[in-house]
1. Can you give me the relative contact order of the chain as a percent, contacts being Cα pairs under 8 Å and 6 or more apart?
2. Taking Cα centroids, how far is the stretch 63-94 from the stretch 105-147 in Å?
3. Roughly how many debye, to the nearest 20, is the charge dipole of the stretch 96-229 about its Cα centre, given +1 on each Lys and Arg Cβ, -1 on each Asp and Glu Cβ, and no other charges?
4. Quote the relative contact order of the stretch 91-203 in percent (integer), defining contacts as alpha-carbon pairs under 8 Å separated by 6+ residues.
5. Using +1 on the beta carbon of Lys and Arg, -1 on that of Asp and Glu, and nothing else charged, what's the dipole of the chain about the Cα centre, debye to 20?
6. By accessible area of protein heavy atoms, probe 1.4 Å, what ranking do 157, 53 get, highest first?
7. Karplus couplings for the stretch 81-98 from phi (6.51 cos²θ - 1.76 cosθ + 1.60, θ = phi - 60°), rounded to Hz, Gly and Pro as x?
8. Provide the solvent-accessible area of residue 28, counting protein heavy atoms only and rolling a 1.4 Å probe, rounded to the nearest 10 Å².
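The values are calculated or read from the model by the stated rules, or taken from the named source; none is laboratory data. Note that the structure is predicted; figures quoted are calculated from it, not measured. Neighbour counts are summed over all protein chains in view; Cβ atoms, including those assigned to glycine, are modelled from backbone coordinates with ideal geometry. With ligands, DNA and RNA removed, areas are computed over all heavy atoms of the protein, side chains included. Shrake-Rupley method; radii C 1.70, N 1.55, O 1.52, S 1.80 Å.
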Amino acid sequence: VPAAQFQVRVVRNETLSGGYFRLWLRADDPSPVADARPGQFVMLRGDWGRDLINGRAFSVLDAPDAERFTVLAKVFGRGTARLAAAAAGEPLTCTGPLGHGFPAPGKERRQLLVAGGVGLPPLHLQARVAAAAGLADRVEVLYGGRNADDLVLVDEIEREGVSVALASEDGSLGTRGRVTVLLEDRLARPGEDVEVLACGPTPMLAAVRKLGLGARAPTYLCLEEQMACGFGVCLGCAVPVFGPKPYRYCCTDGPVFEAAEVRWP
Ligand SMILES: Cc1cc2nc3c(=O)[nH]c(=O)nc-3n(C[C@H](O)[C@H](O)[C@H](O)COP(=O)(O)OP(=O)(O)OC[C@H]3O[C@@H](n4cnc5c(N)ncnc54)[C@H](O)[C@@H]3O)c2cc1C
Ligand code: FES
C-alpha cells in the first residue's frame, strides 16, 4: 500500500441538512492526512464483516490539526449507510492521503471552484487553503444542489472571506438551475484570466468540461469513479483519456484530471 494505513476513531458524527453528515475523525498519533491537498482522498473501512471488505473513498474536507480530520458524506449505498450510523468511539481503518490534488491557488489566475452536491469537500478545502495563504480574493465558490437543504457548510466558506454563489434546481436558494448556469455566466464576464476547478456528479463534470474548454480556461476535474482498492491494484477505476495510453487510473493518476485530457464525448 503506497500510503499510510492507520486506525482512526469517530469523534463526532454530525448530521447536516439534506441527508449529509460530517464525520470528525481522530488518529492516535499525528497522521499524514494533516498535509492532504484539496482533492486528495482517504479510503475508510469499518469492521463491517466479510460482505463489506472494500474501503470507501472520501475527499478530505479539513484537517484542523495533526491528529484530526473531517469528511463530508451522503448515504449512497451500504458502506455510506454504515458510516452514517457510526457512533462516537467507533474505530475505522483509514488509508491515505491518496491521489493528486488540485493546483494550488495563486495570484496569476482567479480560480472558480465549482461544486455540485457531495462534490463540495475538495473545493471547500481549496477555499480554506486560499484564505490561509492570504488569497481569499483569488478564489470564488460556485455551488449547486437540488434544493436549499442540499447546500451545506456555506457559512464556513463565507467566514473565510471567500465569495460563494449558490444555485438550486428548485430555486429555493440562490439562482434557479444547475451550477453550470452560474459558471456559464461567470465565464462570459470579460477581462480576466480564470481557471476552473470542479467536483461533483459525472454529468455535471461533463458539462463543466465543455464550458471550461469552450472558454479556453484551464479546467481541472476531480472525478468520483467507483473504487475498490484506492491505490492502483484492482484497475477498476479506469478513466478514458487522450494520449499514448487510452486509460489512466482515477486513484493513482487522479482523482484530479485536466479536462482536456479526459476522453468524454
Ligand atoms: C476520489 C473520490 C472521492 C470521493 N469523495 C466523496 C466524499 O467526499 N463524500 C461522499 O459522500 N462521497 C465521496 N465519494 C463517493 C463515495 O466513495 C461513494 O459514494 C461510496 O463509495 C459509495 O459507497 P456505498 O457502499 O455507500 O455504495 P455501494 O454502491 O454499496 O458501494 C460502492 C462500492 O462498491 C465497490 N464498487 C462498485 N462498483 C465498482 C466498480 N465498477 N469497480 C470497483 N469497485 C466498485 C467499491 O468498493 C465502491 O466504493 C468519492 C469517490 C471518489 C472516487
Ligand atoms: S481503485 Fe483500484 S486501481 Fe484504482
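1. On the way: 618 pairs, mean separation 45.5, N = 265.
The value is 17 percent.
2. Using only Cα atoms, the two centres lie 23 Å from each other.
3. Details: 14 positive and 18 negative charges, 81 e Å.
The dipole magnitude comes to about 380 debye.
4. On the way: 202 pairs, mean separation 35.6, N = 113.
Computed over the stretch 91-203, the figure is 32 percent.
5. Dipole magnitude for the chain comes out near 560 debye.
6. My answer, sorted largest first, is 53, 157.
7. Here the 3J(HN,Hα) series is 5, 5, 5, 4, 9, 5, 9, 4, x, 5, x, 9, 8, 10, 10, x, x, 10 Hz.
8. Surface open to solvent at residue 28 totals about 140 Å².
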